[in-house]
Amino acid sequence: MTDSYYLDLTQFSLGRLREMLETGEVLPSRRILCDHLAENFARLESLGINNVQQVVDALSSKKKVEAFAQKSGLTVEYLTILGRQARSYTPTPAEFKDIPGLDPAHVERLAALGIKNTRQLFERATSRADRTVLAQQSGIPAESLLELVQLSDIVRAGFVGPIYARLLYAAGVQSLDSLAQQQPDVLFEQMRAVNEIHHYTKAWFTIKDVV
């Protein structure tokens with residue numbers, strides 16, 4: 001696990017984003033991004049946009065979007081949605097109270113130390129030494145604290161909320177790195193089996209949700 005909660009978007013190339021849009025599932029509201037993909041991304045690169053952080057910076061406000069639209073010839077609608085896609089890789093931390101299957105006493109003990117969400121814990125307990133100190137401070141067993149840290153890591157993935165993180169963890173995913181190594185069809189079956197037992201969610205999900 002890395003020490004930084006958020007992914008380094010400067011290392012997330014525009015080429016990689018293009019590949020993900022070409023081969024992955026795209027939300028219906030964002031499918032405009034797949035139209036004229038090669039042409040539009042070539043235009044972005046010609047204007048010095050080479051990574052996702054630069055997309056975020058260039059499209060961080062309505063005024064910037066409008067200015068970039070004039071400069072690039074891309075539509076305001078397209079750039080607005082591109083900005084949303086880029087920002088989605090900087091996830092919103094999950095509140096521990098919203099993650100199913102956690103011991104309420106552990107959640108309360110962390111809250112008493114000012115740790116209420118996944119980012120706050122991840123940044124304080126990624127190393128074994130840090131977890132040892134926090135376990136002593138909180139009275140939470142080291143094994144349970146490690147589970148909380150691993151859940152915090154999983155939530156860093158785009159579009160992974162508190163319930164989905166619990167499903168992934170229960171299916172055997174213990175980190176963002178291990179999630180990337182999973183076979184989607186195998187992981188989907190494991191998640192479905194877990195949900196049939198624990199009923200973490202009533203929402204319908206398919207293999208496309210884990211690709």
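Read the figures in this text as sums done on the coordinates, not as results from a lab. Predicted model, so just to flag it, every value in this text is computed and none were measured. Ideal geometry is used to build each Cβ from the backbone, glycine not excepted, and the neighbour counts take in all protein chains shown.
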Report, ordered by chain and residue number, the aspartates and glutamates lying within cross-link reach of Lys116, taken as a straight Cα distance under 19 Å and ignoring same-chain residues fewer than 8 apart. Asp3, Glu95, Asp98, Asp103, Glu108, Asp130, Glu143, Glu147, Asp153
How large is the dipole of region 9-87 about the Cα centre if only Lys and Arg carry +1 and Asp and Glu carry -1, each at its Cβ, rounded to the nearest 20 debye? 300 debye
Inter-label distance for Glu39 and Lys71, nm, one decimal - labels placed 7 Å from Cα along Cα-to-Cβ: 2.2 nm
In what sequence do Glu143, Glu189 fall when counting other Cβ within 10 Å, fewest first? Glu143, Glu189
Computed over region 42-190, the ratio Rg/Rh where both radii use C-alpha atoms and Rh is Kirkwood: 1.11
Mind sorting Ser178, Ser152, Ser4 by how few other Cβ atoms lie within 10 Å of their own Cβ, fewest first? Ser4, Ser178, Ser152
Under a cut-off of 16 Å between alpha-carbon atoms, report the aspartates and glutamates in cross-link reach of Lys71, not counting same-chain residues fewer than 8 places apart. Glu39, Glu45, Asp57
Spatial extent of region 116-211: Rg and Dmax, with the Cα atoms as the point set, Å: 14.2, 42
Which of Leu37, Leu44, Leu82 has the fewest other C-beta atoms within 10 Å, and how do the rest follow up to the most? Leu37, Leu44, Leu82
Among Lys116, Lys97, Lys62: highest mean-square fluctuation, GNM of the chain, C-alpha pairs under 10 Å: Lys62
